[in-house]
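Just so you know, all these numbers are worked out from the coordinates, no wet-lab data involved. As the structure is a computational prediction, the values presented were derived from the model and not from experiment. Reconstructed Cβ throughout: ideal geometry from the backbone, glycine too, with neighbour counts over all protein chains shown.
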Amino acid sequence: MKYLIPVFIIVAACSLKKEKQTIGSVEKFAPALDEIISLDSKAEIIGEGYDWSEGPVWVASENMLLFSDVPKNIIYKWTEERGVEPFLSPSGYTGIVPRGGEPGSNGLAIDNEGQLVLCQHGDRRVARLTSSLKNPAPQFKTIADAYQGKKLNSPNDLIFDKMGNLYFTDPPYGLLKNANDSSKEIPFQGVYKVKPDGKVILLVDSLTRPNGIAISPDQKTLYVANSDQPIAKWYSFQLSNDSLRKGRIFYSTEYAEGEKGAPDGLKVGASGNIFATGPGGIWIFSSEGKALGRIRLPEAASNCALSADEKILYVTSKMNLLRIRLKK
């Protein structure tokens, strides 16, 4: 006997489809912000339930976003068609002895050959994924894991320039006892450059907690976020071959009561504008260091990524993955 499904049941089921929640607000500091984002824009939650989401990168070749859950030692992918799915595990710690803390991958980047490169907290290295993006498996090749024979702390964030040079930061956040961990071999928290031939060069050893890192579109300026409170600071340096010069505080601000987050990940758009996680959400700076505005968020934002056309800003914010539409 055949049974007919009443049409009203199908309609009712469709009406139960969950709408995405929106959060946050836009705060305007300067008129130039109007060219970047609308004041009525909201952050849309497109993924949730993570321990600490981090390191987003847009992968244009696969039309997907990858991001880390550092404590869970896993990378997830997001696509418009399927939402969030597991992508790679383990992502940052490949040892067999269980450990706590933040062992997974943190910052992610796509190199000039289209391969995924990871900052791996637990393995204390920067490594390249040697399996394909279409069929990922935890197979890695070390790019940098030591400086002058001493193990790195826990590489945090990274960026490639157009010549294939890699720049990365190395704070102690992935060590079980942070800066006081007995396994810490380097006495400072460095900013490094890795040349295409594999040579590791120390660029900065004076920042207390170097974190997010980015390069200006003209390849002349390196930006570094320092996540050490109580003062929020972002630094800029002029790139000069294998060294930096004219280092300065690009922008600093005090924390307001109740604001969550610190200078962490940051990205630079083609126009030179900078999107930087910081106290209270995402700060938007001009290339001259003027604060244009802020996307206020209720939870600490750890990092962000721009879509290929720069019309979307993706943000990792504690347990959430967010999408924010920009003007372009």
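Under 16 Å Cα-Cα from K77, which aspartates and glutamates qualify once same-chain neighbours fewer than 8 residues away are excluded? Output for K77: E48, D51, E54, E62, D69, E85. Once the convex hull of all Cα atoms in segment 229-300 is built, its volume per residue stands at 100 Å³. The aspartates and glutamates whose alpha-carbon is closer than 19 Å to the alpha-carbon of K327, local same-chain residues fewer than 8 away aside, are E27, D34, E35, D40, E44, D309, E310. Below 11 angstrom from the Cβ of F275, what's the summed charge of the other residues (Lys, Arg +1; Asp, Glu -1)? Residues near F275 contribute +1 overall.
Once you reduce segment 185-218 and segment 37-78 to the center of their Cα atoms, the two points are 25 Å from each other. Dividing the helix sum by the residues of the chain, where each DSSP H run of 4 or more adds -39500 (n - 2.57), gives a mean residue ellipticity at 222 nm of -1000 deg cm²/dmol.
Cα convex hull, segment 169-277: 121 Å³ per residue, rounded to a whole number.
The base-10 log of I(q)/I(0) for segment 100-239, evaluated at q = 0.13, 0.20 Å⁻¹, reads -0.53, -1.24 [Debye formula, identical scatterers on Cα atoms, solvent excluded]. Amide H to amide H distances under 5 Å link S302 with T316, S317, K318, where only residues 5 or more positions off or on other chains count and H is placed in the peptide plane. When the chain is treated as a GNM with alpha-carbon contacts under 10 Å, the residue of K72, K246, K151 showing the greatest mean-square fluctuation is K246.
In terms of its C-alpha gyration tensor, segment 21-325 comes out rounded, because the ratio a/c of the largest to the smallest axis stays below 1.5. Computed from phi, the 3J(HN,Hα) profile of segment 167-181 under the Karplus parametrisation 6.51, -1.76, 1.60 (θ = phi - 60°) reads 10, 8, 9, 9, x, x, 4, x, 7, 4, 10, 6, 5, 9, 5 Hz, with x in place of Gly and Pro. Altogether, the Stokes-Einstein calculation at 10 °C and 1.306 mPa s, with the Kirkwood radius of segment 146-208 over Cα pairs as Rh, returns a diffusion coefficient of 132 µm²/s. Using R0 = 45 Å, the C-beta based FRET efficiency linking S240 and Q21 works out to 0.45.
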